[in-house]
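For reference, the structure is listed below as structure tokens.
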Amino acid sequence: LKVINCCVWDPSGEIFELKAELNSDKKEKKKEAVKKVIASMTVGKDVSALFPDVVNCMQTDNLELKKLVYLYLMNYAKSQPDMAIMAVNTFVKDCEDPNPLIRALAVRTMGCIRVDKITEYLCEPLRKCLKDEDPYVRKTAAVCVAKLHDINAQLVEDQGFLDTLKDLISDSNPMVVANAVAALSEIAESHPNSNLLDLNPQTINKLLTALNECTEWGQIFILDCLANYMPRDDRESQSICERVTPRLSHANSAVVLSAVKVLMKFMEMLPKDLDYYGTLLKKLAPPLVTLLSAEPELQYVALRNINLIVQKRPEILKHEMKVFFVKYNDPIYVKLEKLDIMIRLASQANIAQVLAELKEYATEVDVDFVRKAVRAIGRCAIKVEQSAERCVSTLLDLIQTKVNYVVQEAIVVIKDIFRKYPNKYESVIATLCENLDSLDEPEARAAMIWIVGEYAERIDNADELLESFLEGFHDESTQVQLQLLTAIVKLFLKKPTETQELVQQVLSLATQDSDNPDLRDRGYIYWRLLSTDPVAAKEVVLAEKPLISEETDLIEPTLLEELICHIGTLASVYHKPPSAFVEGSRVHLRIPHTRVSTRPHPHSPLKCCPAPHSALGPAIVQVSTRKVPVILLGSRLWTLSITSAMPASLGGAPAVGGGLGDLFDLGGGVGMPTGSYVAPKTAWLLAMKAKGLEISGTFARRGGIIQMDLSLTNKAMSVMTDFAIQFNRNSFGLAPAGPMQVLTPLSPNQTIDVSLPLSMSGPVMKMEPLNNLQVAVKNNIDVFYFSCQYPLSLLFVEDGKMDRQVFLATWKDIPNDNEAQFQIKDIHLNSDVASNKLQGSNIFTIAKRTVEGQDMLYQSVKLTNGIWVLAEMRIQTGNPNYTLSIKCRAPEVCQFVYQCYELVLKN
Amino acid sequence: MIHSLFLINASGDIFLEKHWKSVVSRSVCDYFFEALERATEPENVPPVIPTPHHYLINVLRHRIYFVAVIQSEVPPLFVIEFLHRVVDTFQDYFGVCTEAAIKDNVVVVYELLEEMLDNGFPLATESNILKELIKPPTILRTVVNTITGSTNVGEQLPTGQLSVVPWRRTGVKYTNNEAYFDVVEEIDAIIDKSGSTITAEIQGVIDACVKLTGMPDLTLSFMNPRLLDDVSFHPCVRFKRWEAERILSFIPPDGNFRLLSYHVSSQNLVAIPVYVKHNISFREGSSQGRFELTLGPKQTMGKAVESVLVSSQLPRGVLNANLNPSQGTYTFDPVTKLLSWDVGKINPQKLPSLKGSMSLQTGASKPDENPTINIQFKIQQLAISGLKVNRLDMYGEKYKPFKGIKYMTKAGKFQVRT
């Protein structure tokens, strides 16, 4: 009967027995019982029924018993929240224990009890522990904040624990620093808005110091955190690199890879001609190679990352080809990755070796690997032109082995080689044709059919060959059917006389007897083409094909940039952008239309990459090749594109005509430009800070020339002479176009105005904020430094008017993530006046549209470095607030463009 | 950070689970089992497996899969390194890392896992510190514990964790003070048909067993430190000193540890200590094949090549092999087609050979694949890279320790293609 009281299924009476033992008076028996309970719990038995009995054992001086009870609590507190409250008092007491080990243990366990009711009781003890005198307790408490945040984020924020955590970054103990960083990073992950890891040169210095002294795991956290920092200039970048390099010799491969990430990223900022840059490149190779001698799982992750590094900086590993040679007992996932990297590293210098290896692999046992090896030979041929002939003969050798799957793979890749080097290797077609019967895989059959069709004029029995495939047309896969259809049409166009019957047959098979819409459609198209205009058909079907290149398998550059910044993460293993897959709130921020502020997203590639040259240089302007799914851009632009496309499709009316006239009636309607707005001079350098020299100034763009207008005032007692000016590197390469002309000495209390023409040819480095300019002015007394910010409109060039069609296409092409929305308040101008004003500052209105009393202006701006900025401004009649949407491939400029709008419109 | 850990045995049973945050249901392992089913060999399971809400990162060691579950972006190498550390710790504590050993010591295992991670953050992974917190089970201690009722959990604060040398515990005392260093080099090589080296590299380690009283400060210097251009150190090594003087200067952990591992790359000339002459051939249309293999020493600096073991995966078409070894014994498994020949020591005067015939299925065509020969061997008292320790000095303590250095070269992945 007592057994039944236990209310659990307990056939052996085990639980009952344990219950008795737990309540025993003998300490020893109690402990043994708790041990048994833990053992049952570990193997997954449900011993939660014993909760009150186990918790009763908690009040003990025996450390082991205490630990065991804590273990139990962590496991079952969730299922018994009411009971768990019984434990709170003991925690509070333990947090004040004189023994730091007990304090730490208590604070650690507290955080693991994931019961909402309890968390509130834990705040006070936690606050104490965060300020504990013993670093061991502080470091444990830091992690506890992260735990608590996971359970109740609001509570943690309300209690101010995040600030305490931030303070711990400056703790004297490196272990505490490391844990604080780790906890903050974890919290930041679920909390992308908060500016938790606000890094500045001081904290960076703290982190770098802690890096040398903390545990290996702490080093990983710190390095990953460092990687998010944006150094101010190349010198800071170099000094961080210097302090991180020793980590490359760490025994823990995760430390090594995180260090590689930091170096790969910060290297970007170093000038390429710097000696140190070369040294750093050399230092990166050995640790990467060493990663490949570790356990296979580590090798795999390392190889996925090396794959990225090799694409970004092939020079690092170009001499290390041999370490990627495959050992026959490597796990398959390592083999395939090594193969991939071998192809990436293949060059004229090492191609002979690589081919010999690949040929060797093609005789291995593992079918998947063999196939990939054969494909690799084809890729080598396409990548290294000089080796193409050798590759083809290797492939022919492999075809002679008659191993079925080898032959089929070889044929698939030879098709690609034909496409890359047309009219060069067609002599091998005869050999290929011999193997026609053995092909049973659709891809190989399709490839062979493509070859026969493409070179029909050189294959005497092409019609017979294709006819033989036609017999089982309906049993073929779609891929083969489509290919066969095309091949026969090609054949017909080349040899029309003999093949009329054949083409009839295939067309009727495709159009009448098939259920597949793709096949039917293609059949009909050919049929109509052939019947209406055979010449046109020839032009279409036998058109010259674009060449293929090895680039097809490379990761798209902007994604690569982003992935390089995430070396060592899951993203780098999957070669997907970090935002694409990890669960969490990161994704929320990516939804573009809900975003009003343009603070660059912490994970957006441009922000996290200190790639100043490529981020803002002309490179970014090239149309990205990334396939952005074409999402309708919201109804406003969509209707615009429809209306403009309509006349063309309705019988070739002139492009601007009819209703479109109202829409685009802007060309001459705008008055003469009124000249760009020039802000009044502001004080840049105060006399008290510069030994009596005062400088105020502003920037202006006059007739395409950028000028810096300066007023120099001498407030000292002596004469000033020998003026000179210099700029630090800046985001857009602004530099003085000539020396500063101060011809006469500047006497005390005299002011002189100078206009300094600027050029855009200076060295580029991304500044924070983007439009920041650091200036050094020298005179006979000293050198003075100040920084000022120029309006971005300074860089708006005169030929910034984009073609309408280009505008539409570009707007669509720029990912929606890059769109930023702003409000311009209190403007009492109608749309024409506004656009007139803006044109004065080289913001050009391309089109205007009025919908339901709302004027929409579509505008374009071009920066001196070739970046295009597209904007849509919505003006509601009677509403003084304008809505501005800005889209640009370099989204960080949006904010500054918006500022220019505001400046221009309000002045 | 690391959410949960599942241990799965070769037959696919989850025999232990540990959760550091909320409990993740076992069913998440189904994705692992799917991957396991797809893999042709147990070692071919991909290390990172995505699931809709988690990522599974696994390592396979001692025929046990250690599957970690993570939920947020965590560096996979961090997880893998940690899992290997768990295995090393189990091995250290229980002597072997088997399902039985883990089950027998389940409470200690649980305590260890609890100490190693806190909320998924690594806490104590140094064996010195762990042993202070949780005493390893020994037969004696188990007996004593049951009699006296004392415990295997340490009662003091893990002092080392906060000192400047977190890897060393304080108050170490020995009656015999000794420091042994083993320089062990593994040579990885691929030799092609004609006997020329395609690639060869050396993975070297210096393992130490240091039992010294107090806080000794050691320096170790080499005759030819230039060989070591690609090294990974134990955290105890002072990196600046190495950079400047090429001397290893360190306060050692107590007991066994890996001081250093290094890599001599294929760009250096690596000596190949053995050669193989082979003739494995099949004639078209015949159901017989010839098999001839002779081994010989090469570039061994006069040292004997021992514990030689040759293995090769013969083509699938081979039914049986009828061979005659000049020394040692050979076995051929007709099911797996694995030929292995335990040669023993190579006598340079009388080279070991294995000759005979292989029978094929009648009527079967000539096999396409060429078997690769895998060779294992050991050479005592030789570091094949030529690395030599110059001297070992101790500062900071007064006594005279006993010092010893041993060298050994082993085959790593040493493969000869035919």
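List of remarks:
- B:Leu36, sole failed condition from (1) farther than 30 Å from A:Val145 by Cβ; (2) within 11 Å of another protein chain (Cβ to nearest Cβ); (3) buried (at least 17 other Cβ atoms within 10 Å of the Cβ): (2)
- Any hit, segment B:368-378, residues being touching a residue at least 12 places away in the same chain (Cβ under 8 Å) and farther than 29 Å from A:Val326 by Cα: no
- Annotation note: Cβ proximity below 7 Å between a residue of segment B:299-323 that is in the same structural domain as B:Pro334 (by the TED database) and a residue that is acidic (Asp, Glu) and outside any loop (DSSP other than H, G, I, E, B) (sequence gap 6+ or interchain) occurs for B:Leu309/B:Asp342.
- Sole exception among (1) part of a helix (DSSP H, G or I); (2) surrounded by fewer than 24 Cβ atoms within 10 Å (Cβ to Cβ); (3) among the aromatic types (Phe, Trp, Tyr) for A:Phe221, by number: (2)
- Segment B:224-261, subset β-branched (Val, Ile, Thr) and under 26 Å from the mean Cα position of the chain (by Cα), residue farthest from the other protein chains (Cβ to nearest Cβ): B:Ile251
- Counting only helices (runs of 4 or more DSSP H) that sit completely within segment A:409-527, those holding 2 or more residues that are within 21 Å of A:Arg371 (Cα to Cα) and not hydroxyl-bearing (Ser, Thr, Tyr) correspond to A:429-434, A:442-454, A:478-494.
- Some residue of segment A:254-273 being at pLDDT 90 or above, closer than 22 Å to B:Ala200 by Cα and either of a type in the set (A, V, I, L, M, F, W, C) or touching a strand residue (DSSP E or B) at 6+ places or on another chain (Cβ under 8 Å) (or both): no
- Residue within segment A:796-803 that is closer than 30 Å to A:Ile695 by Cβ, touching a Leu at 6+ places or on another chain (Cβ under 9 Å), charged (D, E, K, R) and not in a strand (DSSP E or B) present: no
- The criterion of at least 1 residues that are over 24 Å from the mean Cα position of the chain (by Cα) is met by the following helices (runs of 4 or more DSSP H) wholly inside segment B:1-104: B:29-38, B:99-104.
- Across segment B:351-364, the qualifying residues are those that are touching a Phe, Trp or Tyr at 6+ places or on another chain (Cβ under 9 Å) and either free of Cβ contacts under 8 Å to residues at least 40 places away in the same chain or part of a strand (DSSP E or B) (or both), and the one among them that is surrounded by the most Cβ atoms within 10 Å (Cβ to Cβ) is B:Met358.
- Residue in segment A:306-313 that is at pLDDT 90 or above, away from chain B (no Cβ under 12 Å) and not in a helix (DSSP H, G or I) present: yes
- Boolean, A:Val406 is crowded, with 22+ Cβ neighbours inside 10 Å, more than 28 Å from B:Leu60 (Cβ to Cβ) and either free of Cβ contacts under 8 Å to residues at least 24 places away in the same chain or over 33 Å from the mean Cα position of the chain (by Cα) (or both): yes
- Unmet requirement for A:Gly853, which otherwise passes all of (1) closer than 21 Å to A:Pro791 by Cα; (2) surrounded by fewer than 16 Cβ atoms within 10 Å (Cβ to Cβ); (3) of a type in the set (Gly, Ala, Ser): (1)
Residue by residue, here is whether (1) in a helix (DSSP H, G or I); (2) at pLDDT below 90; (3) in contact with a Leu (Cβ under 6 Å, 6 or more places away or on another chain); (4) within 14 Å of chain B (Cβ to nearest Cβ) holds:
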| site | (1), (2), (3), (4) |
| --- | --- |
| A:Ala142 | yes, no, yes, yes |
| A:Lys147 | yes, yes, no, yes |
| A:Asp150 | yes, yes, no, yes |
| A:Gln154 | yes, yes, no, no |
| A:Leu162 | yes, yes, no, no |
| A:Lys166 | yes, yes, no, no |
| A:Ser170 | no, yes, no, no |
| A:Met175 | yes, yes, no, yes |
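- Reported count of residues in segment B:177-211, each being in contact with a Leu (Cβ under 9 Å, 6 or more places away or on another chain), within 18 Å of B:Glu397 (Cβ to Cβ) and not small (Gly, Ala, Ser), is 4.
- Each residue in segment A:321-337 was checked for being part of a helix (DSSP H, G or I), farther than 18 Å from A:Pro286 by Cβ and among the charged types (D, E, K, R), and 2 pass.
- A:Lys318 of a type in the set (D, E, K, R), part of a helix (DSSP H, G or I) and either touching a residue at least 24 places away in the same chain (Cβ under 8 Å) or facing another protein chain (nearest Cβ under 9 Å) (or both): no
- Failed item in (1) at pLDDT 85 or above; (2) over 19 Å from A:Val904 (Cβ atoms), with A:Gln789 passing the rest: (2)
- A:Asp198 fulfils the conditions (1) away from chain B (no Cβ under 14 Å); (2) touching a residue at least 40 places away in the same chain (Cβ under 8 Å) except for a single criterion, (2).
- Filter pass, A:Pro331 being in contact with an Asp or Glu (Cβ under 6 Å, 6 or more places away or on another chain) and in contact (Cβ under 8 Å) with a residue 12 or more places away in the chain: yes
- A:Thr290 vs. criteria of a type in the set (Val, Ile, Thr) and surrounded by fewer than 19 Cβ atoms within 10 Å (Cβ to Cβ): no
- Answer from B:Glu178, B:Glu115, B:Glu186, B:Glu132 - the residue that is modelled with pLDDT of 80 or more and closer than 30 Å to A:Phe221 by Cα: B:Glu115
- Residues that are outside any helix (DSSP H, G or I) and of a type in the set (A, V, I, L, M, F, W, C) do occur in segment A:52-64.
- Looking only at segment B:369-395, and only at residues there that are more than 30 Å from A:Gln400 (Cβ to Cβ) and among the polar types (S, T, N, Q), the one that is surrounded by the most Cβ atoms within 10 Å (Cβ to Cβ): B:Ser385
- Unmet requirement for B:Asn322, which otherwise passes all of (1) at pLDDT 85 or above; (2) surrounded by 17 or more Cβ atoms within 10 Å (Cβ to Cβ): (2)
- Output for segment A:388-403, where each listed residue is surrounded by fewer than 18 Cβ atoms within 10 Å (Cβ to Cβ) and not aliphatic (A, V, I, L, M): A:Glu389, A:Arg390, A:Ser393, A:Asp397, A:Gln400, A:Thr401, A:Lys402
- Residues within segment A:550-586 that are over 19 Å from A:Glu268 (Cβ atoms) and at pLDDT 70 or above, tallied: 7
- Check on A:Leu345, at pLDDT 90 or above and either under 33 Å from the mean Cα position of the chain (by Cα) or at the interface with chain B (Cβ under 9 Å from one of its Cβ atoms) (or both): yes
The values are calculated or read from the model by the stated rules, or taken from the named source; none is laboratory data. Only a predicted model underlies this, so the values are computations on that prediction, with no experimental measurement involved. In this analysis, Cβ positions are derived from the backbone assuming ideal geometry, glycine residues included, and neighbour counts consider all displayed protein chains.
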